[in-house]
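Participant: Take a look at this one; I'll ask things after.
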Amino acid sequence: MATDAGGPIPRFPAGFLWGVSTSAHQIEGAADRREPSVWDVFTAGPGRVRDGSTAAVACDHYHRHREDVALLAGLGVRAYRFSVSWPRVRSGDLGFYDRLVDDLCAAGVRPVPTLFHWDLPAGLDWRQRDTASRFAEYVSVVAGRLGDRVTKWITLNEPAEHTLLGHALGVHAPGERLLLDALPVAHHQLLAHGLAVRALRAHGATDIGIANSHGPTWPASREPADVAAAEFYDTLLNRLFADPLLLGRYPDGIVASLPGGAEADLEVLAEPVDWYGVNYYAPTRIGAPRGGRTGFGGVPLPAGLPFSVREIEDRPVTDSGWPVVPEGLTDLLTAFRDRYGDRLPPVVVTENGCSYGGLDDQDRIAYLDGHIRALHRAVEAGVDVRGYFVWSLLDNFEWAQGYTQRFGLVHVDFETLERTPKASYAWFREVLRAQG
Ligand code: BGC
């Protein structure tokens, strides 16, 4: 029985989908067997990744996926969220995903592919509207090949982070520093999402979602300047990527920064999804812009943004410095329900997890335990939550942090590529068992 000081984790509704998540660029390796992505180009530049590493080999999941499927089966998850590498599909290698999907089905684990998790083929650019159409064509190819076995799909992963970190601040690929001029990148990804939903439907898909990152925004104080800055940030993180999908309109004040004609696309953006995926890690404390160094996840922010990120000092932090705030998940989901009402489809938590080192990762267990309970409180409060996916199955290439942060339930030795389940793997297995 999964217990802690708080007793057993309460039962979730029947049919609740328990899973774990990964992404292609972070685990697959075999970079020599696919076209390059913007991340390959980005990491080749000096000083971009904390430990100077690349994802050329990563976890070598491409060659070791059978072992990883066995780990999933041993864990007892019902579903596995992975991503399909668009560059790999462009190089003609859909066979890898064929084998992966077959092996997952044989192991009784439901495949849940994400069609874009930041590894845009090099040479494509989200500033160009046409990229959305290219994406829909690629989605059609994947759906045509895997749609006989895959029934649950995710269009995009975190277009908010890809816009902010990759195109506004330049700390992720492709390394653009456009600040608020990055907003067309947001629109074109949302357009890509809508077109992908249509392409998937044309292939008969009936269970389609998106994985958007969200978290509560805490104003630094009650001063009007801090509150206004927090509202602006909240619009960027929590409304920009949700309002068009769920309400069919952009939040006030955004349209002026979008490409001309963006409003005419809203009908495509609002193509109904069957469920809404939320990736939750932590709240953000936001105040008015101020001089000096302000950070975003440890990254200094350039001047010129209408907000600054403040430390959340009164909470424990993970190895990546992110505060541990389980109740933020309850607050976020109930706020979503209140804001969107009947327009909010069933919710799935598509990512939640933390970076901690070591095999006896009791901190991760405490983090996950706290967040799963917080999720249950959202269910009790009437939010229709249908699933929860831990980020991540494996330690992996953690983007600009390289291999310095470990989010896995399974430890990976990046010299030998040996996998070793951590204490949290055994703990989560027991949680799943107890949930039936
Ligand atoms: C991303 C993952 C990433 C995780 C931890 C999420 O924003 O979807 O790819 O590894 O956070 O940083």
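The values are calculated or read from the model by the stated rules, or taken from the named source; none is laboratory data. Computed from a prediction, not measured in an experiment: that's the story for all the values here. All Cβ positions, even for glycine, are placed from backbone atoms using ideal geometry, and neighbour counts span all protein chains on display. In case anyone asks, the SASA skips ligands and DNA or RNA and just uses the protein heavy atoms, side chains included. Shrake-Rupley method; radii C 1.70, N 1.55, O 1.52, S 1.80 Å.
Participant: Sorting ARG285, ARG50, ARG249, ARG110 by accessible area (1.4 Å probe), largest first, what list results? Mind showing how you got there, number by number?
Facilitator: Numbers: ARG285 55, ARG50 155, ARG249 135, ARG110 80 Å².
Largest accessible area first, the list is ARG50, ARG249, ARG110, ARG285.
Participant: Could you give the dipole magnitude of segment 2-435 about its Cα centre, charging the beta-carbon of Lys and Arg +1 and that of Asp and Glu -1, in debye to the nearest 20?
Facilitator: On the way: 42 positive and 55 negative charges, 96 e Å.
Magnitude of the dipole: close to 460 debye.
Participant: In the full protein assembly as shown, how much of ILE365 is accessible to a 1.4 Å probe, in Å² to the nearest 10?
Facilitator: Ignoring ligands and nucleic acids, ILE365 comes out at about 20 Å².
Participant: Over all directions, how big on average is the projection of the convex hull of the alpha-carbon atoms in the chain, in square nanometres?
Facilitator: Averaged projected area of the chain's Cα convex hull equals 19.2 nm².
Participant: If I ignore ligands, DNA and RNA and count only protein heavy atoms, how much of THR151 is accessible to a 1.4 Å probe, in Å² to the nearest 10?
Facilitator: Spelled out: THR151, probe radius 1.4 Å, area about 70 Å².
Participant: Averaged per residue, what accessible area in Å² does the chain show with a 1.4 Å probe, protein chains only?
Facilitator: On a per-residue basis, the chain sits at 37 Å².
Participant: Using helices alone, I'd like the mean residue ellipticity at 222 nm for the chain: each DSSP H run of four-plus residues gives -39500 (n - 2.57), total over residue count, nearest 500. The partial results should precede the final answer.
Facilitator: Working: 14 runs with 151 residues, N = 436.
So the helix-based figure for the chain works out to -10500 deg cm²/dmol.
Participant: OK, next. Can you send over the carbon and sulfur percentage of the accessible area for segment 2-435, probe radius 1.4 Å, protein chains only? Intermediate values should be presented prior to the final figure.
Facilitator: Values: 7850 of 15860 Å².
The computed percentage sits at 50.
Participant: With r as the distance between the Cβ atoms of CYS105 and GLU223 and R0 = 45 Å, compute the FRET efficiency 1/(1 + (r/R0)^6) and round to 0.05.
Facilitator: Details: r = 55 Å, r/R0 = 1.23.
Taking R0 as 45 Å, the efficiency between GLU223 and CYS105 is 0.20.
Participant: Could you work out the relative contact order of segment 2-435? I mean the mean sequence separation of Cα pairs under 8 Å and 6+ apart, divided by the number of residues, in percent. Don't skip to the end; give the middle numbers.
Facilitator: Values: 893 pairs, mean separation 80.0, N = 434.
Here the relative contact order equals 18 percent.
Participant: Additional query: Restricting to the chain, compute how many DSSP beta bridges are antiparallel as a %, nearest 5.
Facilitator: Antiparallel: roughly 25 percent of the beta bridges in the chain.
Participant: Across 5 Å bins from the origin, how do the percents of Cα pairs in segment 45-93 run, short distances first?
Facilitator: Per 5 Å bin, starting at zero, the Cα-Cα P(r) for segment 45-93 comes out as 5, 14, 16, 21, 18, 16, 8, 2, 0 percent.
Participant: Restricting to bridges with both residues inside segment 174-323, how much of the DSSP beta-bridge set is antiparallel, in percent to the nearest 5? Could you put the intermediate results ahead of the total?
Facilitator: Details: 6 of 12 bridges.
Beta bridges within segment 174-323, antiparallel portion: roughly 50 percent.
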